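Peer 1: Dropping a structure here in structure tokens format, bear with me for questions.
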Amino acid sequence: MIRRLAFAFFALAGLSAMTAPTHAAPTAAREGSQIVIDFKATINAKSNSDISATTVMHELKGSCRLAAGPLQPFGVLGPTEQQQTAMEKIQPSQDMKDLERKVAACKGNQQCMQRVAMEAAGNPPPEAGGNGGMEGSIQPWFPQSCSGSFRVQDETVTNDPGGEGGGGAYREIRTVSGVNVIPEGGEDGWHGAFLDHDVAKGVASYFFTSAPPMMFVMNSDRTGYQAGKKTSRVSVSFIDTAIPAPFATLKGAPGAGKAVKPVAGGTLTIEWQVRK
């Protein structure tokens, strides 16, 4: 699914890759090679109201197999808005003729052909405001399959003083807990982790996605007004908003790391390891 987002731009980017000098990215992995990224994402948060207090502990574990894609001007998520705009302006019949003319004018010169390919992909040469010739330096690692687990340990304590004179006062403790398995689903399943490696800048950007909402058991223990114990099932999301993308950008080739981001009432911590 994520992998297909980039396919529409591959034709032009591929031309750039074919004409790039072989020494352009000495640290790039061989296209199609695979790695596994194992990660643990944890949310610890607290919130309070006038009559209640909630603690949240969510733990998402994942193991994802990734495959190296070709060097290109953009990462796993596809072209930037600027690149997409440039692509949408292309008139195929006219531009292909113009492209063929420019390629022919290069007379086999590889640097000239690379420059033509970069321009066709919406990337200006350095003297025209490019980024120093770094186009086509990003190697995306596409998710092939992921599996994992989602653990929840939430508690809400409510102390309602009731109406005037204390009528209807109660104390209730609600706990939501359990562990659910996230099965492997191939390319159409959950894509928990993927990354981009910018071999020119020497950095890797790590992306993580939340698991789909899952059902957990909720136990309610109430004293006072309408006292009693109840058990039900509720849908729980690992996080109520999207995980920041990228979650971290670190120096070096794809490898182990840890990053912490603030969330409402607490923190989101993700630790990961990379193995073959």
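Yes/no per residue for (1) buried (at least 18 other Cβ atoms within 10 Å of the Cβ); (2) modelled with pLDDT of 95 or more; (3) closer than 26 Å to Trp190 by Cα:
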{"position": "Thr55", "(1), (2), (3)": "no, yes, no"}
{"position": "Lys61", "(1), (2), (3)": "yes, yes, yes"}
{"position": "Cys64", "(1), (2), (3)": "yes, yes, yes"}
{"position": "Gln72", "(1), (2), (3)": "yes, no, yes"}
{"position": "Leu77", "(1), (2), (3)": "no, no, yes"}
{"position": "Gln82", "(1), (2), (3)": "no, no, no"}
{"position": "Pro92", "(1), (2), (3)": "no, no, no"}
{"position": "Met96", "(1), (2), (3)": "no, no, no"}
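Peer 1: Can you give me the ranges of the strands (runs of 3 or more DSSP E) entirely in region 219-276 with at least 2 residues that are β-branched (Val, Ile, Thr), within 30 Å of Gly166 (Cβ to Cβ) and free of Cβ contacts under 8 Å to residues at least 12 places away in the same chain?
Peer 2: Numbers: elements: 228-236, 248-251, 257-263, 266-275.
Because the criterion is at least 2 residues that are β-branched (Val, Ile, Thr), within 30 Å of Gly166 (Cβ to Cβ) and free of Cβ contacts under 8 Å to residues at least 12 places away in the same chain, no strands (runs of 3 or more DSSP E) in region 219-276 meet it.
Peer 1: Would you confirm whether or not region 195-203 contains a residue that is farther than 22 Å from Ala45 by Cβ, among the β-branched types (Val, Ile, Thr) and crowded, with 19+ Cβ neighbours inside 10 Å?
Peer 2: Scanning region 195-203 turns up at least one residue that is farther than 22 Å from Ala45 by Cβ, among the β-branched types (Val, Ile, Thr) and crowded, with 19+ Cβ neighbours inside 10 Å.
Peer 1: Separate question: Consider region 218-267. How many of its residues are within 26 Å of Gly78 (Cα to Cα) and of a type in the set (A, V, I, L, M, F, W, C)?
Peer 2: So the first thing to find is which residues in region 218-267 are within 26 Å of Gly78 (Cα to Cα), and the list is 238-261.
Those still in the list that are of a type in the set (A, V, I, L, M, F, W, C) too: 238-239, 242-243, 245, 247-248, 250, 253, 256, 259-260.
Residues meeting the conditions: 12.
The values are calculated or read from the model by the stated rules, or taken from the named source; none is laboratory data. Source: prediction; values computed, not measured. Note: ideal-geometry Cβ built from the backbone for every residue, glycine included; neighbour counts use all protein chains shown.
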